[in-house]
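Student: One structure, pasted below without further comment.
The values are calculated or read from the model by the stated rules, or taken from the named source; none is laboratory data. Fair warning: this is a prediction, and the values are worked out from it, not measured in the lab. Here Cβ is always computed from backbone atoms with ideal geometry, including for glycine, and neighbour counts include all displayed protein chains.
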Amino acid sequence: MGGLSRRDFLKASAAAAAFAAAGASAAASLRPKDASASEGDIRWGKAPCRFCGTGCGVLIGVRDGRIVATKGDPQAPVNKGLNCIKGYFLSKILYGTDRLTKPLIRKGDTMVEASWDEAMTLIAGKFKESIDKHGPDSVAMYGSGQWTVFEGYAASKLFKGGIGTNNVEPNARLCMASSVTGFMSTFGGDEPMGCFDDLDLGDTFFLWGANMAECHPVLFSRMIDNRLRNPQVKIIDFATRYTRTSQMADQYVKFNPQTDLALLNAIAHVIIRDKLYDEQFIKDHVVFKRGKENIGYGLEDKFKFADEPKLIGFDEYKAFLKPYTPEYVAKLSSVPAKTIVELAHLYADKSRKVNSLWTMGFNQHTRGTWVNNLAYNVHLLTSKICKPGENPMSLTGQPSACGTTREVGTFTHRLPADMVVMNPEHREKAARIWGIDPKKIPAKPTYNATEMFRALDRGDIKVVWIQVTNPFQSLPNLSRYRKGARKGDGRFIVVSDIYPTRSTELADVILPSACWIEKEGMFGNAERRTQHWFKQIDPPGEARNDLWQTIELAKRLGYGSLFPYTYPEKEIWEEYRKFGEGQGKDLAPYESYTKARGLCWPVVNGKETTYRYVEGFDPYVKAGEGIKFYKNKADHYKAVVWARPYEPAPEVPDRHYPFWLCTGRVLEHWHTGTMTGRVPEIMRANPSAVCEMHPVDAGRLGIKDHQKVKITSRRGTIILPVNLNGRGKAEKGNIFVAFFDEGKLINELCLDAYCPISGEPDYKKCAVKIEKA
Amino acid sequence: MNVAVCLLAVVACASFFSFPVQAEEREDYESDARYAEGQPPAIPHPFRDTADGKYCLRCHGTGLNGAPLSPHPVRITCTECHVKGEIKKHTRENKIKTKD
Ligand code: SF4
């Protein structure tokens with residue numbers, strides 16, 4: 001530990017303990033004079049961080065209507081005072097000099113300032129015209145896991161319950177859809193059983209396709225702090241790229257892209273072969289199923305898929321696993337057979353509290369649902385589930401991917417509280433709460449996100465309203481969808497955002513939005529924690545809340561009666577809450593959230609639930625029941641272990657395109673960089689995209705560090721400087737490019753193949769070639 | 001670094017996750033903010049961004065060359081919170097042509 005002695009460290013820790021025990025007032029008296037003076041007229045409020053699905057609590061200091069400071073909230077159970085670099089710069093994300101402050105309407109190549117009335121009249125006119133001429137399925141709303149709960153709810157209610165189309169999709173389809181279908185198919189209910197406390201309580205952490213150190217930094221710090229206290233803690237990073245996370249893990253297990261499917265089956269194989277499973281738990285809580293195989297990749301327009309699950313026995317499952325020997329999978333994955341066996345034993349070690357954590361490596365996967373299922377298999381076979389400190393945990397990317405898109409159900413097929421439009425009882429219930437005729441809600445889902453933009457390209461969708469997201473930078477196979485958007489012929493695109501983006505540049509109308517604490521909001525994070533914040537400052541110029549914008553369209557289309565609110569946020573919440581009551585999705589009254597640092601649902605009798613499906617923690621599990629997967633009624637309240645095979649990726653490196661391209665995020669930037677790109681400090685730390693490459697590959701091609709290369713896939717070309725020794729390091733035969741840089745649209749190279757079950761595209765695997773530029 | 005600032009930072013940093021959060025919810029954000037850590041200082045010199053903190057702690061762990069001591073030397077992913085200093089403008093601006 002550098003030159004710091006252990007004694008010094010202990011001294012510092014002791015000081016910390018003493019101060020923590022003394023509490024806030026003692027600390028306050030030590031505050032430097034100048035700091036207290038400058039904070040004298042600051043008003044402080046709370047909010048969750050605007051960025052990732054961790055949902056750190058933040059304290060925000062406001063003076064004269066402007067944010068002057070943010071601090072990690074020491075009272076917030078998620079982060080206990082810590083933020084990452086993005087959180088520390090929250091105070092600057094709203095103040096870029098090019099904030100959108102007035103509605104803009106396209107006149108040829110120019111965007112002309114307009115009044116809200118002009119803009120909304122034009123938008124409503126286009127919606128009406130399209131619905132009259134082409135039917136309700138010709139208009140669409142494309143929203144976001146960064147929508148507040150209210151915004152998502154209003155959009156879903158207007159489109160499904162008012163206009164009568166299921167054309168509502170969020171960008172969460174691009175990041176969390178496989179997690180949803182994984183949860184639904186295994187447990188019959190969405191979202192994790194565990195919570196972030198597992199990071200403090202567990203001692204064995206398997207990370208799969210998750211660069212937590214950069215993408216969930218505060219959660220990663222919790223895990224690392226746990227390791228500091230407990231030398232037993234072991235972090236194993238399964239990955240295809242040597243990331244900052246790999247560098248800090250105890251063990252890095254490199255595998256070939258797509259072979260995670262085979263590896264998890266090999267781990268299950270060893271668990272069965274060596275009799276490491278929990279027979280009683282399996283008998284009591286598990287059924288086995290097998291679905292369709294060779295299921296395709298969603299590459300064709302209007303691709304359709306429906307799984308046909310069949311119950312199988314434990315023996316059939318064992319037979320299914322037979323071929324996945326460590327030796328066979330070692331060849332496929334390049335992970336040594338010995339390592340596979342060791343790690344299977346570690347997974348099953350009875351003396352260890354085992355967790356699996358994953359994000360986009362699993363979800364953005366053409367077999368995303370399957371690989372989620374396979375992770376649960378291992379936990380179910382070994383009964384390492386539903387115990388404090390011992391759970392599988394799917395980490396969400398966006399701040400309200402859970403709270404809004406999943407729980408409110410802003411996907412084409414979903415309704416609030418895990419309900420779906422295909423189910424007549426669910427439509428009935430939604431209609432009752434919405435006060436509409438159940439016939440109004442169409443029974444058939446329409447398009448997933450990728451298909452929605454394919455439909456726009458074909459001209460089947462004419463009018464699309466995009467809120468709180470930037471699809472014309474973030475979609476895969478981007479060129480097709482960017483071109484499609486400006487094909488004319490009645491196509492009309494509305495984009496609500498706070499800054500100009502690669503999507504606003506393709507819009508016919510740009511609406512200036514309020515952001516974060518410029519409006520009242522609620523987000524739900526990855527551990528089922530719903531968090532509230534009040535409006536603390538005014539938005540600039542004429543910028544307005546997206547919720548107001550949606551309700552304004554509703555009024556102009558004649559659906560104002562669906563939104564009869566005087567305090568929309570609170571009344572929407574109380575209405576929305578009715579969906580989850582008694583369903584294991586219970587939410588508390590509005591007021592409870594205004595004070596609490598978030599509450600994990602189900603909240604029953606004012607008490608939140610940290611661990612689900614387990615007696616003593618979850619009020620839905622009665623005394624004596626132990627563990628009950630009560631959301632899965634169809635399988636007698638048991639969870640499903642799925643026989644899901646390894647199948648290859650749709651496009652693999654070959655002679656012409658010899659490298660795997662993987663895309664993703666970096667620590668400093670949030671998604672497409674719309675907000676973080678306005679913070680000078682962040683731009684200085686990470687100004688532009690680079691191509692991470694292995695030095696051996698570079699040497700073979702005669703490419704030196706920082707030299708420019710031309711990267712080409714079957715869909716596009718991009719020129720970038722290479723980085724041979726950056727924070728993340730590519731493995732041989734792989735390159736990595738981040739997608740935040742709006743000047744370098746790497747997604748033009750990505751393949752728009754998706755998981756047939758979840759509809760989520762795979763941004764992690766396509767084939768490219770590399771030449772000197 | 002001012003001793004008080006340093007100690008204050010110790011409270012905020014080294015105590016992460018080591019102490020139970022108060023169960024009782026309070027609404028006094030101002031007093032919470034008083035003992036919360038503010039923005040971590042930027043790094044005003046060239047540095048190597050490593051995963052083990054060794055490069056930074058050579059000085060910030062020992063006070064070598066008068067470097068301010070890190071109040072949380074166990075946190076070794078320094079760039080998780082600290083950015084490069086000396087800011088030059090390099091932001092996205094003025095992308096939409098606007099006619100008035
Ligand atoms: S970890 Fe996520 S929620 Fe926490 S400060 Fe960083 S970006 Fe915000």
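Student: I'd like to check which helices (runs of 4 or more DSSP H) are fully inside region A:542-596 and have at least 1 residues that are aliphatic (A, V, I, L, M).
Tutor: It comes to A:546-556, A:568-580.
Student: Regarding region A:702-711, can at least one residue be identified that is under 22 Å from the mean Cα position of the chain (by Cα), in the same structural domain as A:H669 (by TED's automatic domain parsing) and more than 30 Å from A:K302 (Cα to Cα)?
Tutor: No, every residue in region A:702-711 fails to be under 22 Å from the mean Cα position of the chain (by Cα), in the same structural domain as A:H669 (by TED's automatic domain parsing) and more than 30 Å from A:K302 (Cα to Cα).
Student: Further, regarding this structure: Which residues, taken from region A:325-363, are within 18 Å of the chain's Cα centre (by Cα) and either under 14 Å from A:N391 (Cα atoms) or assigned to a loop (DSSP other than H, G, I, E, B) (or both)?
Tutor: A:S356, A:L357, A:W358, A:T359
Student: Condition first: farther than 14 Å from A:A213 by Cβ and buried (at least 23 other Cβ atoms within 10 Å of the Cβ). Now tell me which residues in region A:237-254 satisfy that.
Tutor: A:F238, A:T240
Student: Another question about this same structure. Looking at A:L158, A:L94, which one is under 23 Å from A:C402 (Cβ atoms), surrounded by fewer than 24 Cβ atoms within 10 Å (Cβ to Cβ) and among the hydrophobic types (A, V, I, L, M, F, W, C)?
Tutor: Criteria check complete, one pass: A:L158.
Student: Please determine, by comparing only the residues of region A:242-257 that are under 27 Å from A:P653 (Cα atoms) and not in a strand (DSSP E or B), which one is nearest to the other protein chains (Cβ to nearest Cβ).
Tutor: A:Q247
Student: Going by the conditions given, is A:T366 touching a Ser or Thr at 6+ places or on another chain (Cβ under 7 Å) and either crowded, with 24+ Cβ neighbours inside 10 Å or not in a helix (DSSP H, G or I) (or both)?
Tutor: So A:T366 fails the test.
Student: Please specify each residue of region B:37-84 satisfying the condition of being over 15 Å from the mean Cα position of the chain (by Cα), in a helix (DSSP H, G or I), modelled with pLDDT of 90 or more and more than 8 Å from chain A (Cβ to nearest Cβ).
Tutor: The answer is B:Y55, B:C59, B:G66.
Student: Got a number for residues in region A:130-161 being under 23 Å from A:Y481 (Cα atoms) and charged (D, E, K, R)?
Tutor: 1
Student: Then there's this: Looking only at residues in region A:217-241 that are facing chain B (nearest Cβ under 9 Å), among the aliphatic types (A, V, I, L, M) and in contact (Cβ under 8 Å) with a residue 24 or more places away in the chain, which one is farthest from the ligand (Cβ to nearest atom)?
Tutor: Selected residue: A:I224.
Student: Right, here's the next one. A:K302 is checked against (1) among the basic types (K, R); (2) assigned to a loop (DSSP other than H, G, I, E, B); (3) under 18 Å from A:K275 (Cα atoms) and fails just one. What number does that condition carry?
Tutor: (3)
Student: Only one of (1) without any contact (Cβ under 8 Å) to a residue 60 or more places away in the chain; (2) out of contact with any strand residue (DSSP E or B) (no Cβ under 9 Å at 6 or more places or on another chain); (3) buried (at least 24 other Cβ atoms within 10 Å of the Cβ) is not met by A:G397, so which one is it?
Tutor: (1)
Student: Ok, one more. Among the numbered criteria (1) within 8 Å of chain B (Cβ to nearest Cβ); (2) at pLDDT 95 or above; (3) within 17 Å of B:Q39 (Cα to Cα), which one does A:K107 miss?
Tutor: Only one criterion is unmet by A:K107, namely (3).
Student: I've got another one for you. Take the conditions more than 30 Å from A:L587 (Cα to Cα) and away from chain B (no Cβ under 14 Å) and apply them to A:F617. Does it pass?
Tutor: no
Student: Given the residues A:W516, A:W434, which is the only one that is of a type in the set (F, W, Y) and surrounded by fewer than 24 Cβ atoms within 10 Å (Cβ to Cβ)?
Tutor: A:W434
Student: Can you pull out every residue in region A:625-647 that is surrounded by fewer than 16 Cβ atoms within 10 Å (Cβ to Cβ) and farther than 23 Å from A:M419 by Cβ?
Tutor: Within region A:625-647, A:E625, A:G626 meet the criteria.
Student: Looking at A:I510, A:I498, A:I517, which is the one that is within 16 Å of the ligand (Cβ to nearest atom) and within 14 Å of chain B (Cβ to nearest Cβ)?
Tutor: One residue alone meets the criteria, A:I517.
Student: Among the residues of region A:219-226, are any in a loop (DSSP other than H, G, I, E, B), within 29 Å of A:F629 (Cβ to Cβ), under 23 Å from the mean Cα position of the chain (by Cα) and not assigned by TED's automatic domain parsing to the domain that holds A:R50?
Tutor: Within region A:219-226 (the criterion being in a loop (DSSP other than H, G, I, E, B), within 29 Å of A:F629 (Cβ to Cβ), under 23 Å from the mean Cα position of the chain (by Cα) and not assigned by TED's automatic domain parsing to the domain that holds A:R50), the answer is no, since none of the residues qualifies.
Student: Considering region A:48-74 alone, what residues qualify as being surrounded by 22 or more Cβ atoms within 10 Å (Cβ to Cβ) and within 11 Å of chain B (Cβ to nearest Cβ)?
Tutor: Within region A:48-74, A:G57, A:V58, A:L59, A:I60, A:G61, A:T70, A:K71, A:G72, A:D73, A:P74 qualify.
Student: Continuing with this model, one more query. Just one of (1) touching a residue at least 40 places away in the same chain (Cβ under 8 Å); (2) surrounded by fewer than 24 Cβ atoms within 10 Å (Cβ to Cβ) trips up A:C402, so point out which.
Tutor: (2)
Student: What about A:T121, is it at pLDDT 95 or above, more than 16 Å from the ligand (Cβ to nearest atom), outside any strand (DSSP E or B) and out of contact with any strand residue (DSSP E or B) (no Cβ under 9 Å at 6 or more places or on another chain)?
Tutor: yes
Student: In this structure, does B:R34 turn out to be free of Cβ contacts under 8 Å to residues at least 24 places away in the same chain, at the interface with another protein chain (Cβ under 7 Å from one of its Cβ atoms), surrounded by fewer than 22 Cβ atoms within 10 Å (Cβ to Cβ) and of a type outside the set (G, A, S)?
Tutor: Considered against the rule, which asks whether it is free of Cβ contacts under 8 Å to residues at least 24 places away in the same chain, at the interface with another protein chain (Cβ under 7 Å from one of its Cβ atoms), surrounded by fewer than 22 Cβ atoms within 10 Å (Cβ to Cβ) and of a type outside the set (G, A, S), B:R34 comes out as no.
Student: Is there any pair linking a residue in region A:191-212 that is closer than 13 Å to A:F238 by Cβ and in the same structural domain as A:Q258 (by TED's automatic domain parsing) to one that is acidic (D, E) and outside any loop (DSSP other than H, G, I, E, B), with Cβ under 7 Å and at least six apart or on different chains, and which?
Tutor: As it stands, the answer is A:L207/A:D237; A:W208/A:D260; A:G209/A:D260, since those pairs meet every condition given.
Student: A follow-up question, please. Only residues that are within 16 Å of the ligand (Cβ to nearest atom) and among the small types (G, A, S): list them for region A:395-438, please.
Tutor: Passing the criteria: A:G397, A:S400, A:A401, A:G403.
Student: Among the residues of region A:77-97, which ones are more than 8 Å from the ligand (Cβ to nearest atom), closer than 17 Å to A:I517 by Cα and of a type in the set (G, A, S)?
Tutor: Answer for region A:77-97, where residues must be more than 8 Å from the ligand (Cβ to nearest atom), closer than 17 Å to A:I517 by Cα and of a type in the set (G, A, S): A:S91, A:G96.
Student: Mind checking which pairs have a first residue in region A:523-550 that is more than 20 Å from A:L104 (Cα to Cα) and a second that is of a type in the set (D, E, K, R) and within 15 Å of the ligand (Cβ to nearest atom), Cβ under 8 Å, 6 or more apart or different chains?
Tutor: A:Q531/A:R597; A:W533/A:K46
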